[in-house]
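Contents: one structure, followed by commentary.
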Amino acid sequence: MVSEISQVEKIPKSAFNQLRNQYRSDQVLEFLERNFEGRILGITKEDLYTEGLNFVFGQAKMKGRVSVVSIARLDPTFWHQPEDKELVEERTIKECIHEIGHTLGLGHCNKRGCVMTFSSTVGDVDKKTKYLCYMCKLQLGL
Ligand SMILES: [Zn+2]
Ligand SMILES: [Zn+2]
């Protein structure tokens with residue numbers, strides 16, 4: 001599915017909220033949509049939020065082609081825990097698959113362990129696997 005990996009793009013300053021020191025995820029999505037063709041997953045180290053939530057690990061346009069994941073809070077050092085690169089990678093992979101799932105039309109799932117379960121804490125991310133449950137797979141025709 002991944003056709004190209006680009007590291008050059010800068011997150012748009014216009015999405016930055018100085019008061020919160022965070023970027024608005026919906027504006028990042030709009031930026032990706034405007035500037036890129038095809039299905040896009042943005043990964044940023046910046047902290048993201050959306051209206052009504054303190055933060056988001058990621059966001060996607062449902063059945064759209066753009067999604068974004070923030071590594072900021074997936075990193076245990078954010079929570080004053082010891083550095084663990086493998087854990088960051090594991091969590092990032094899960095959230096990337098989750099957001100891509102939304103672009104493919106999958107909603108949040110209640111099945112324990114399914115990658116499409118909603119995560120509001122890193123504990124939630126750690127509890128789920130990086131795999132789709134049977135029902136989610138079925139929905140995608142897999
Ligand atoms: Zn979600
Ligand atoms: Zn599921």
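Assorted remarks:
- Span from the segment 75-92 Cα centroid across to the segment 43-66 one, whole angstrom: 19
- Residues in segment 86-96 carry Karplus couplings, in order, of 5, 5, 4, 4, 4, 5, 5, 4, 4, 5, 5 Hz; the curve used is 6.51 cos²θ - 1.76 cosθ + 1.60 with θ = phi - 60°, and Gly or Pro positions show x.
- Oblate is the label for segment 13-139, because a/c, from the alpha-carbon gyration tensor with a ≥ b ≥ c as root eigenvalues, is 1.5 or above and a/b does not exceed b/c.
- Cβ crowding within 10 Å, taken as a proxy for footprinting-reagent exposure, orders Y23, Y134, Y49 from fewest neighbours to most as Y134, Y49, Y23.
- Highest mobility in the GNM of the chain, judged by mean-square fluctuation with C-alpha springs under 10 Å and restricted to R91, R65, R112, is found for R112.
- Under 5 Å, built H, 5+ apart or other chain: amide partners of L48: Y23, V56
- A full extension of the chain between V88 and H108 corresponds to an added length of 5.0 nm, given 0.36 nm per residue minus the alpha carbon distance.
- Springs join every pair of Cα atoms under 10 Å in this Gaussian network model of the chain, and among D124, D75, D47 the largest mean-square fluctuation is at D124.
- The slack between Q18 and M135, meaning 0.36 nm per residue of separation minus the straight C-alpha distance, is 38.0 nm.
- Vicinal HN-Hα couplings computed from phi for segment 49-54 (Karplus, 6.51 cos²θ - 1.76 cosθ + 1.60; Hz; Gly/Pro x): 8, 9, 3, x, 10, 5
- Amide H contacts of C133 (H built 1.01 Å from N, under 5 Å, at least 5 apart or other chain): V115, M116
- Choice from V122, V28, V56 with maximal GNM fluctuation in the chain (Cα, 10 Å cutoff): V122
Coordinate-derived values only; no laboratory data. Since we're looking at a predicted model, the values are computed, not measured. Cβ atoms come from the backbone with ideal geometry, glycine included; neighbour counts cover every protein chain shown.
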